[in-house]
Amino acid sequence: MINLRVLAASAAVLSLTLSFASKAAANGEVNVYTYRETKLIQPLFDAFSKDTGIKVNVVSASSGLEQRMKAEGANSPADVLLTVDIGRIDEAVQAGVTQPIKSEVVDKVVPAQYRDPDGYWAGISMRARVIYASKDRVKQDKITYEELADPKWKGKICIRSGQHIYNNALFAAYTAKHGEAKAEEWLRGVKANLAQKPSGGDREAARDVAAGKCDIGIGNTYYWALMMNNDPEKKPWAEATRVILPTFEGGGTHVNLSGVLLAKHAPNKANGIKLIEWLVSEQAQQMYADQNYEYPVRSGVPIDSTIAGYGKLAPDPLPIAKIAANRKAAASLVDKVGFDN
């Protein structure tokens with residue numbers, strides 16, 4: 001009964017571009033379940049099909065894909081799961097719906113920091129969690145994540161929910177670096193500096209900075225570039241702010257991943273691995289950089305000029321897997337300090 005309810009809930013949010021009639025493997029096809037917006041990734045799949053002759057069938061959703069795969073079990077048609085954020089990547093692994101990606105190409109191209117030590121996932125692009133600073137009211141050019149708890153920012157910070165996966169990953173990174181006691185102290189300090197109750201999304205943080213409700217907002221790198229280049233209505237929010245790449249004390253800038261996983265019961269496993277390897281090719285990595293404003297995980301691929309304008313990114317060296325391991329602790333701390341209240 002539980003599985004049926006999960007499937008029903010998942011079906012409510014799914015957008016199917018093709019109905020999978022059965023689990024049977026189909027020559028020349030690969031089935032992808034994804035949380036990424038179709039308009040962002042379809043150009044990649046089209047290019048893959050053009051290069052390889054392999055057709056990509058896509059199921060996109062905003063939630064519930066791991067539960068769907070678990071309920072489908074051995075009959076699942078999914079070959080590849082494409083998702084964002086280490087939180088969702090880890091949830092898929094914990095759900096037991098994936099298998100290790102055994103690929104010399106992936107191991108060679110994707111730095112170890114951005115791969116699961118056991119091979120269950122690999123990063124295919126990076127985004128950084130940064131500061132949207134008021135051009136008029138913030139004069140400093142550098143800031144640390146630790147500094148966000150400094151009383152000098154009292155009433156000046158805007159941020160979305162502390163339980164959102166983007167913030168959970170940042171808080172988990174802080175917890176991994178400093179321990180739970182210091183992370184709790186830091187979160188209490190950041191909460192004390194908030195201009196308003198956590199709400200909205202990253203774009204709304206920029207909006208509120210532009211409106212003078214706060215001096216700094218917390219957001220991901222690509223949102224700012226999208227507002228500046230692709231959204232005339234929100235461009236003034238970007239124009240009122242500038243991006244500062246914060247760092248941890250003694251470390252670098254917190255980055256998160258878009259990641260790819262191989263389905264446990266993939267009926268087209270060989271094609272799934274071909275797709276995964278193609279997604280880390282120079283061509284695909286350049287498309288991620290140019291169209292999605294993300295940082296490639298493959299070295300030597302140029303980044304978009306807007307992203308380059310933020311300054312040179314020095315990713316924090318903390319292994320992404322350690323962030324995943326501290327997600328639950330970070331979520332508990334958010335509740336403990338009443339961050340969202």
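Assorted remarks:
- Theoretical ellipticity at 222 nm over the chain - DSSP helices of four or more residues, -39500 (n - 2.57) apiece, nearest 500: -12000 deg cm²/dmol
- Here each label is just a point 7 Å from Cα along the line to Cβ, and for Gln94 and Thr52 those points are 3.0 nm apart.
- Lys/Arg +1, Asp/Glu -1 at C-beta; segment 56-163 dipole; positive extreme among Ile157, Tyr145, Ala128: Ile157
- Local net charge near Ala308, Cβ-Cβ under 15 Å (Lys/Arg +1, Asp/Glu -1): 0
- Our coupling estimate for segment 168-178, obtained by passing each phi through the Karplus curve with A = 6.51, B = -1.76, C = 1.60 and θ = phi - 60°, is 4, 5, 5, 5, 5, 5, 4, 5, 4, 7, 10 Hz, Gly and Pro reported as x.
- Charge tally in the Cβ shell below 10 Å around Gly259, where Lys, Arg are +1 and Asp, Glu are -1, Gly259 excluded: -1
- With a Förster radius of 35 Å applied to the beta-carbon distance between Ala74 and Ser332, the computed FRET efficiency rounds to 0.50.
- Here the Karplus curve 6.51 cos²θ - 1.76 cosθ + 1.60, taken at θ = phi - 60°, turns the phi angles of segment 83-96 into couplings of 8, 10, 6, 4, x, 6, 4, 5, 4, 5, 5, 5, 6, x Hz, with x standing for Gly and Pro.
- For the chain, the longest principal axis of the alpha carbon atoms and the long axis of helix 180-192 meet at an angle near 60°.
- Rounded to whole numbers, the Karplus 3J(HN,Hα) couplings from phi for segment 332-337 are 5, 5, 4, 5, 4, 8 Hz, using 6.51 cos²θ - 1.76 cosθ + 1.60 with θ = phi - 60°, and x at Gly and Pro.
- Charge sum, other residues only, whose C-beta stays under 14 Å from Arg207's C-beta, Lys/Arg counted +1 and Asp/Glu -1: -2
- Fraction of accessible area attributable to carbon and sulfur, the chain (%, probe 1.4 Å): 50 percent
- Calculated Rg and Dmax of the Cα atoms in Å (choose from (1) 20.2, 70; (2) 21.7, 86; (3) 20.2, 62), label: (3)
- Angle in degrees between helix 282-292 and the longest Cα principal axis of the chain, rounded to the nearest 10: 50 degrees
- Label positions at Gln42 and Ala112, each projected 7 Å from the Cα along the C-beta direction, are separated by 4.1 nm.
- Scanning the chain for GluC sites (Glu not before Pro) that sit in a DSSP loop and have at most 14 other Cβ atoms within 10 Å, the longest stretch containing none of them is 38-232.
- Contact order normalised by residue count of the chain, Cα under 8 Å, 6+ apart, percent: 26 percent
- FRET efficiency, Ala192 to Glu249 (Cβ-Cβ, R0 22 Å, nearest 0.05): 0.65
The values are calculated or read from the model by the stated rules, or taken from the named source; none is laboratory data. Note that the coordinates shown come from a computational prediction; the quantities given were computed from them, not determined experimentally. Positions of Cβ are generated from backbone atoms using ideal geometry, with glycine treated the same way; all protein chains shown enter the neighbour counts. Surface accessibility is based on the protein's heavy atoms, side chains included, excluding ligands, DNA and RNA. Shrake-Rupley method; radii C 1.70, N 1.55, O 1.52, S 1.80 Å.
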